[in-house]
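These notes concern the structure reproduced below.
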Amino acid sequence: MPDHTLLLQIVRVALDVPVRHLFDYRVPDHDQLSTADIGYRVCVPFGQRQMVGIIVELAAASELPLAQLKPVTVVLRDLPRLPAAWFRLTEFCAAYYHAPLGQVMLSTLPAGLRSPAPAKARVRRGKVSAALAQQSPILTIEQEASLRAVAEGAGGFRAYLLHGVTGSGKTEVYLRLIERTLAAGQQSLLLVPEINLTPQLEARLTARFPDAGLASLHSELGDAARGRNWRAALTGAARIILGTRLAVFVPLPQLGLIVVDEEHDSSFKQQDGIRYSARDLAVFRARDSHILIVLGSATPSLESWANATDNAGGGRYRLLSLQQRAVEAARLPLVRTIDTRVDKPVDGLSRALLVAIEERLARAEQSLVFLNRRGYAPVLACSACGWTSHCHRCAANLVLHLADHCLRCHHCGFEARVPKYCPTCGNQDISAFGRGTQRIEEALTEHFPRARILRVDRDSAGSRRQWEALAARIEGGEADILVGTQMLAKGHDFPKLTLVGVIAPDSALFAADWRAPERLFAQLMQVAGRAGRAERPGEVLLQTQFPDHPLYDAVVRQDYPAFAAAQLRDRQQAGFPPYTYQAMLRAEAPRMADALCFLTAARACSSPNEEHRVTFYDPVPMRLSRRASLERGQLLVESSSRRTLQRFLRHWVSQLAAIKLPSRLRWHLEVDPLEF
Ligand code: ADP
Ligand code: ZN
Ligand code: ZN
């Protein structure tokens, strides 16, 4: 019988280069490889340099003559092989998002494992801590029912949507599921949208499971720590992995549970490079590994809600609900609208809101004034000639940042000094229009000179360290009034906070993007959830010109199911997702004509036919039509069937590659786009 291992002299390697095939190399002379080596990293010569790749296949022959192939420089066996499930996940990601396989595979590895320098083979053991595990509370009836429903489900793949109002104890449900998973000898993967959420959650996880070797994976970790934690996951030393979207790819040999917290959050969608949805990949991964997945949110995405409730969704997910807050005394906050046509705001603040803040100050409680716009004012303008502060590289205004004495573009980062007079007509009377967090902070300081006011936005709390310092001050009672953007809305508990005032939410009601209402509702519910988490009841005041709008009505009643049902009805009628499937082709070039010309050619190169029943829209400039000196256009493709759309895209992408591009034109395809 022939020895097969000797016949396999070709190594197929995935490399981080933007082409859609693998690269063939020869087995190095001094080494013998078998299929048992698939999943090891290798160093190979590529052009003038050495690159790290991954062995994907071994083959007996190549399309190229053997003599033309270069040998692999070295096989890196410093880590366990990447498991088969990891290959299936990255292959699915590359196929579904139409991205080059090698780029997908390599981009999911920590930086240290992608460079040819030999890795240091140091594995952190699960921390053995002398501390006793924190006691778990007695479950509420609803938590109990949810956990029972999950336990009763058959083994194998099961997807649950856990819908629970803020403070209803979703996290406690996750902790119990993790506990069961640990007891079964399996690993748990917990995905969260933002790093700012993790300090409290991290602390809760380590307190409850001190011996589980919790490993965090997020972009603010240094390369070394990230590499260490990633290895601990791969070797099985870490039993719980807490991470942001990229962590969906971490290889886990004994995975038993995936939790996606705040599953509706748009940060699960990667917005550049390979535009994947970590939530959707997590569902694929759970199905592929025959395990349990729980998606949790107070305001689920409408896609997930349809999957859990709608007949069209086919009952893909089972719905679990928590409708009461977990701590008995903690009631849901009382939400009221303030009609700003009657109670006209001065400096952005209505009478009713000022009175409510005054009451909190008197009772030594905290208030939060929420405005989702940082800076001092969105634009500086001249009343004499109509000049406005405009970014010359983007189709956008420069935002006035008085705290830093500059005008700043929020799209490309361009900065300019604040002019003393109008650059066009010389008028000295130029003024700020509209309001951002800095201006509200200023107005509050005037109204409440003795109050301690703290602003929390990306300018004041951009890094995790800054944010943790601010959060600690807030928790320590060092602030009376918080002014903040959505950073403050997410996931953090501030027990003394009993009032939330929402300034100017109205513009999102009439935005061109049909997902804007969904986002506004989620944001309002989330920020409302900040009020009254402990024993003190909370109050939420919404300043609006449209107090009778159905969206606000649903917010006042805190009735997500009613809101979702109405939105899904609208979407079904209009033929929007989740009742249709979309992909967006985007192009950017120095001239808009070039971008649109490419998109037109792209549309023409494939005509819809029986096999490809897709609808093309017209190529159009994007809403932000110019960014960082590049003009941007987009072309939407749609189909009522995901499979048809996918089949079409596969065929289309291969044709797009053949279109001759003007210099400096770049394009990308986004499947299931979220922003328009
Ligand atoms: P969510 O994740 O839904 O916002 P959490 O799990 O963070 O809610 O719970 C909110 C608060 O209620 C936390 O302070 C938590 O410690 C507490 N809590 C959760 N479940 C229980 C329970 N069964 N008994 C008592 N307190 C609980
Ligand atoms: Zn002027
Ligand atoms: Zn700009």
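Read-outs throughout are calculated quantities, based only on the coordinates presented, and are distinct from any laboratory measurement. Please read all numbers here as calculations on a predicted model, not as lab measurements.
So which of Lys170/Lys269; Lys269/Lys660; Lys269/Lys496 end up more than 26 Å apart by C-alpha? Walk me through the intermediate numbers first.
Values: Lys170/Lys269 22 Å; Lys269/Lys660 30 Å; Lys269/Lys496 33 Å.
Among Lys170/Lys269; Lys269/Lys660; Lys269/Lys496, the Cα-Cα distance tops 26 Å for Lys269/Lys660; Lys269/Lys496.
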Distance between region 601-676 and region 136-187 - C-alpha centres, whole angstrom: 41
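Can you tell me what share of the DSSP beta bridges in region 141-322 is antiparallel? A percent to the nearest 5 is fine. List each step's numbers first, then the result.
Details: 1 of 29 bridges.
Here the antiparallel bridges make up roughly 5 percent for region 141-322.
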Residues with amide H under 5 Å from that of Val540, placed H, sequence gap 5 or more: Leu334, Val335, Arg336, Val500
Normalised contact order of region 581-671, rounded percent, pairs of Cα under 8 Å and 6 or more residues apart: 46
Debye intensity ratio I(q)/I(0), log10, region 380-525, q values 0.09 Å⁻¹ (C-alpha model): -0.37
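Let me have the relative contact order for the chain, percent, based on Cα pairs under 8 Å that are six or more residues apart.
Once divided by the residue count of the chain, the mean separation gives 11 percent.
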From the backbone phi of region 257-273, what are the Karplus-calculated ³J(HN,Hα) couplings (6.51 cos²θ - 1.76 cosθ + 1.60, θ = phi - 60°) in whole Hz, Gly and Pro given as x? 8, 10, 10, 10, 8, 6, 4, 7, 5, 6, 6, 6, 9, 6, 9, 8, x
Tell me which aspartates and glutamates have Cα within less than 17 Å of Lys420's Cα, excluding those fewer than 8 residues away on the same chain? Asp404, Asp429
So how compact is region 629-676: Cα radius of gyration and Dmax in angstrom? 12.6, 37
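For region 141-322, state the semi-axes of the equivalent ellipsoid (square roots of 5 times the eigenvalues of the alpha-carbon gyration tensor), sorted largest first and rounded to whole angstrom. Can you show the working numbers first?
Working: eigenvalues 114, 71, 50 Å².
Calculated on Cα positions only, the semi-axes equal 24, 19, 16 Å.
Which value results when the Cα radius of gyration for the chain is divided by 2.2 N^0.38 Å?
The value comes to 1.04.
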Structure-based [θ]222 nm, the chain - -39500 (n - 2.57) summed over DSSP H runs of at least 4, per residue, nearest 500: -8500 deg cm²/dmol
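Two-decimal Rg/Rh of region 325-396 from alpha-carbon positions, Kirkwood Rh?
Values: Rg = 18.9 Å, Rh = 16.5 Å.
Over the Cα atoms of region 325-396, Rg/Rh equals 1.15.
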